[in-house]
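What follows draws every value from the coordinates through simple rules; no lab data is involved. Just so it is clear, the structure is predicted and the values come from calculations on it, not from any experiment. All Cβ positions, even for glycine, are placed from backbone atoms using ideal geometry, and neighbour counts span all protein chains on display.
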Amino acid sequence: EVLKRQDVLLHRPYDSFADVIELLETAANDPQVIAIKTTLYRVGNNAPIVHALMKAREKNKQVAVLVELKARFDEESNISWARQLEDAGVHVVYGLLGLKTHAKMTMIVRRERSGLKRYLHLSTGNYNSSTARLYTDIDFFTSDTQLGADATELFNYLTGYSKQKEYREFLVAPITAR
């Protein structure tokens, strides 16, 4: 309800990471949510975010996750979580050839009276509830239409459904593989 009225900016560790976890858990349980898409860079050993994604899939939501395998020191953990996500029926993408996906981004697509609405979480921090208490990061929550359109196109690019390389608001420069 808050994101329908205004954007929210959190400064962690001063603000709690619990809001991020609550967002995903609420989306997993919300019958009006039809899809959740996210990028995972480091989630650690205790991963409530991953459990929420698997729960969302159990409730027949479309769930797509990009798991970055080049997360130094967390490769083994990421592979393990990716396999568990796949076993739960989640569409998992293992990063992109030539790119390291360091973005921390979640998009929730919800059916509302006015049509489909996209809610975004963008962060400088990882979806890791343990390290969230240690590092200072910024979390941005929004339902901005332009950012939602860009997120949709970016997720389509990351999951191989689009060759989109230019965006309205998200990225200033086009994506180029190196």
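Describe numerically, in nm with one decimal, the distance between label points set 7 Å from Cα along Cα→Cβ at residue 34 and at residue 157.
If labels sit at residue 34 and residue 157, their model points lie 2.4 nm apart.
How would you classify the stretch 93-167 from its alpha-carbon gyration tensor, with a ≥ b ≥ c the square roots of the eigenvalues: rounded for a/c under 1.5, else prolate if a/b is greater than b/c, otherwise oblate?
Values: a/c = 2.23, a/b = 1.16, b/c = 1.93.
It comes out oblate by the Cα gyration axes.
In the stretch 1-123, how many lysine pairs have Cα atoms under 17 Å apart, counting only pairs 8 or more places apart or on different chains?
Lysine pairs satisfying the spacing and distance rule in the stretch 1-123 number 9.
At most 15 other Cβ atoms within 10 Å and a DSSP loop assignment: could you name the trypsin sites (Lys or Arg not before Pro) in the stretch 33-63 that fit?
Sparse-neighbourhood loop trypsin sites (Lys or Arg not before Pro): 59.
In the chain, which longest range has no chymotrypsin sites (Phe, Trp or Tyr not before Pro) that are both DSSP loop (not H, G, I, E or B) and surrounded by at most 10 other Cβ atoms within 10 Å?
The answer is 74-178.
For mean projected area of the Cα convex hull in nm², the choices are (1) 10.0; (2) 13.3; (3) 18.8; which was calculated from the structure?
The listed entry that was calculated here is (1).
Give me the dipole magnitude in Debye, nearest 20, for the stretch 37-117 about the Cα centre, with unit charges on the beta carbon: positive for Lys and Arg, negative for Asp and Glu.
For this selection, approximately 500 debye.
Return the distance in nm (one decimal) between the two label points of a simple spin-label model at residue 60 and residue 91, each offset 7 Å from Cα along Cα→Cβ.
Inter-label distance under the simple model: 1.8 nm.
Work out the FRET efficiency for residue 140 and residue 83 from their Cβ-Cβ distance, taking R0 = 41 Å, and round it to the nearest 0.05.
With R0 = 41 Å, the Cβ-Cβ based efficiency is 0.85.
For every helix of n ≥ 4 consecutive DSSP H residues, a contribution of -39,500 (n - 2.57) applies; sum these over the chain, divide by its total residues, and give [θ] at 222 nm rounded to the nearest 500 deg cm²/dmol.
Numbers: 5 runs with 54 residues, N = 178.
Mean residue ellipticity, 222 nm, calculated: -9000 deg cm²/dmol.
For a quick check, take a GNM of the chain with Cα springs below 10 Å and name the residue from 97, 69, 24 with the largest mean-square fluctuation.
Among 97, 69, 24, the largest mean-square fluctuation in the Gaussian network model of the chain belongs to 97.
Rounded, prolate or oblate: which fits the stretch 1-85 when a ≥ b ≥ c are the square roots of the eigenvalues of the alpha-carbon gyration tensor, with rounded for a/c under 1.5 and prolate only if a/b beats b/c? Walk me through the intermediate numbers first.
Values: a/c = 2.22, a/b = 1.24, b/c = 1.79.
Because a/c hits 1.5 or more and a/b fails to exceed b/c, the stretch 1-85 counts as oblate.
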